[in-house]
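**Q** Supplied in structure tokens, the structure appears directly below.
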Amino acid sequence: MDRRVYDRMAEHDSTHWWYRARRDILADYLTRTGKLPTAARILEIGCGTGHNLPMLAEFGDVDAIEIDPAARAIASERLGKPVGDAPLPALPGVPRGHYDLIAVLDVVEHIEDDVAALSAMRECLAPGGKIVIAVPAHQWMWSAHDVVNHHHRRYSKKTLLGALRKAGLRERGLTYFNSLLFPLAAVARIAGRLTGRDDSDDSPPVAPLNALFERIFRAERHLVGRLPMPTGLSILTLAEPK
């Protein structure tokens, strides 16, 4: 990702509505569907500044990987131990057959060979292990945000399912999320194209709007994994070896 993306992440990951609400949604989703063992061994790949690590630590002992040096330093401080730098798709040096849960949260879209990356993750799972995967949805939503984040693609349910199957994984339900705000986001993306103002700035809005968006997005914790969401900005799944 561009340097500015990491800098904004470090500045806003504790206050931006998207980060805050998404952590709560993911925690609730894992609590209900993860069925993780006590003191699970967890690996987050592409942890960025480590903003998800305290949430994941509620489920077990967490290791993490981040290839950007500055973000890795922040994440290491948050985790309380060194964060690794093994790159995808091969994950060299990461123990195979070890982890009960691997978290890749808006990461797979950054990897050109997503099937090879998912295959390497599968090899790192302990028996009964799972991968929680979140990816951006809808190629037609492509914008300057995807460019500065160095995305290779956005996913449909079909394309994500195809990559999982090729990697020797099966999904345990594919669901959209960030759905309640999807109409607003879609209008903003289309308007940006029509006006030539496709803005990649993802800084939080003014405080009242930030709080409103957070409340709306966080409400999805009651829906995701329980009810089928017709569409959304992201796709979420738990995957396990076939």
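**Q** Would you confirm, using the coordinates I've provided, whether L161 is surrounded by 18 or more Cβ atoms within 10 Å (Cβ to Cβ) and without any contact (Cβ under 8 Å) to a residue 40 or more places away in the chain?
**A** It is true that L161 is surrounded by 18 or more Cβ atoms within 10 Å (Cβ to Cβ) and without any contact (Cβ under 8 Å) to a residue 40 or more places away in the chain.
**Q** Does any residue of segment 139-160 turn out to be under 17 Å from the mean Cα position of the chain (by Cα), in a helix (DSSP H, G or I) and closer than 30 Å to A39 by Cα?
**A** Yes.
**Q** Given the structure, is R96 open to solvent by 60 Å² or more (accessible area, probe 1.4 Å) and modelled with pLDDT of 95 or more?
**A** Criteria met by R96.
**Q** Test of understanding: among L227, L180, which residue is farther than 23 Å from V107 by Cβ and surrounded by 16 or more Cβ atoms within 10 Å (Cβ to Cβ)?
**A** Result of the check over L227, L180: L180.
**Q** Go through (1) touching a strand residue (DSSP E or B) at 6+ places or on another chain (Cβ under 7 Å); (2) open to solvent by 40 Å² or more (accessible area, probe 1.4 Å) and name the single condition G168 misses.
**A** Going through (1) touching a strand residue (DSSP E or B) at 6+ places or on another chain (Cβ under 7 Å); (2) open to solvent by 40 Å² or more (accessible area, probe 1.4 Å) one by one, G168 breaks only (2).
**Q** Mind listing whichever residues of segment 117-137 are part of a strand (DSSP E or B) and under 17 Å from the mean Cα position of the chain (by Cα)?
**A** Passing the criteria: K130, I131, V132, I133, A134, V135, P136, A137.
**Q** Within segment 103-157, which residues are polar (S, T, N, Q) and over 23 Å from A191 (Cα atoms)?
**A** The answer is S119, and nothing else.
**Q** Among (1) of a type in the set (S, T, N, Q); (2) in contact (Cβ under 8 Å) with a residue 40 or more places away in the chain; (3) open to solvent by 20 Å² or more (accessible area, probe 1.4 Å), there is one condition N149 misses while meeting the rest; what is its number?
**A** It is condition (3) that N149 fails.
The values are calculated or read from the model by the stated rules, or taken from the named source; none is laboratory data. Computed from a predicted structure; not experimentally measured. We place every Cβ from the backbone using ideal geometry, glycine too, and count neighbours over all the protein chains shown. Note: areas computed on protein heavy atoms with side chains; ligands, DNA, RNA excluded. Shrake-Rupley method; radii C 1.70, N 1.55, O 1.52, S 1.80 Å.
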